Structure formats: C-alpha cells, structure tokens
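A.B. asks: Pasting a structure below so you can have a look.
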Amino acid sequence: MPRGNPQNLLKLKKGQRHPLAGRRKGTPNKTTVGVKQAVLAAFNKIGGTEALAKWALSPGNRKAFYNIAAKLIPHEIVGPNDGPLQFVNYTSEQLSKLPPGELRTLIAISKKIIPPEGTP
C-alpha cells in the first residue's frame, strides 16, 4: 500500500478539492435542524395552529403574520419541467371549447391562486 498523504495519491492540482471532502449535498446542518425542532416544540407548547391563528387575527399582528408567511414561501416559482411559468388569457370562446377535464383543472388552479372575494 502506498504511503504518504492521501491528497498526493489523487494528484489533485492547486484549487481542486478532494471528492470526499466536506458534507454531502443535501445533508441538513445539525444546528438548523436543532433550531427548527426547538421552534416547533415551542409552537406546539403554546397552542399550535389555533394560537397562531388567534394571534394573527388580533389587531396589529396581521402584517407581522404575512411577513412570517412570506418567508416560508419558496423564493423561486417555476413552471413545468423547471421552465418558466406560462400565463394564458383565454377568451370565453376558447374556454367553451376546452375539454371538461381541462376546464375543471383550470378552475381548480385559479381557486388556489385567486382568493374568493371578501377574503382578507
């Protein structure tokens, strides 16, 4: 078996990293995992979803709630196959020609995107 520094055995050039160096991609940071667990435990201890909703509805907290919620939404939204989102404006004539299944899908998607009137 060869002796010496394993880095020399791979003949790494200046600036190259050893293929096994560092944490593997996708491995969660232990500190982040610990903090998330602690926050979740505290959240459940103070009343969970019901307490959060009550807090969010109290005067002056709605803006703070939306700021928190905005941080939880993914920063980048992509369309099919990681491509750009595509927006289509259908005329009533085009909508009337869509197959029923596709029309139901469009209605379901629009309900998720556009809240009903009167929703805060």
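The values are calculated or read from the model by the stated rules, or taken from the named source; none is laboratory data. Remember, predicted model here, so these are calculated numbers, not experimental data. Neighbour counts run over all protein chains shown; Cβ positions are idealised from the backbone, glycine included.
A.B. asks: Any residue at all in segment 76-88 that's of a type in the set (Asp, Glu), at pLDDT 75 or above and surrounded by 10 or more Cβ atoms within 10 Å (Cβ to Cβ)? Lay out the reasoning, then the answer.
C.D. replies: Taking segment 76-88 and keeping what is of a type in the set (Asp, Glu), we get 76, 82.
Then keep just the ones that are at pLDDT 75 or above; that gives 82.
Applying the additional criterion that residues be surrounded by 10 or more Cβ atoms within 10 Å (Cβ to Cβ) yields none.
No, every residue in segment 76-88 fails to be of a type in the set (Asp, Glu), at pLDDT 75 or above and surrounded by 10 or more Cβ atoms within 10 Å (Cβ to Cβ).
A.B. asks: Further question: For segment 12-74, give me every one of the helices (runs of 4 or more DSSP H) that falls completely inside it and has 1 or more residues that are polar (S, T, N, Q) and surrounded by 10 or more Cβ atoms within 10 Å (Cβ to Cβ).
C.D. replies: 30-45
A.B. asks: Something else about it: Hey, any hits in segment 84-92 for a residue that's within 17 Å of the chain's Cα centre (by Cα), part of a helix (DSSP H, G or I), within 29 Å of ILE107 (Cα to Cα) and of a type in the set (S, T, N, Q)?
C.D. replies: If we filter segment 84-92 for residues that are within 17 Å of the chain's Cα centre (by Cα), which is where we start, we get 84-85.
Among the residues that remain, those that are also part of a helix (DSSP H, G or I) are: none.
No, segment 84-92 contains no residue that is within 17 Å of the chain's Cα centre (by Cα), part of a helix (DSSP H, G or I), within 29 Å of ILE107 (Cα to Cα) and of a type in the set (S, T, N, Q).
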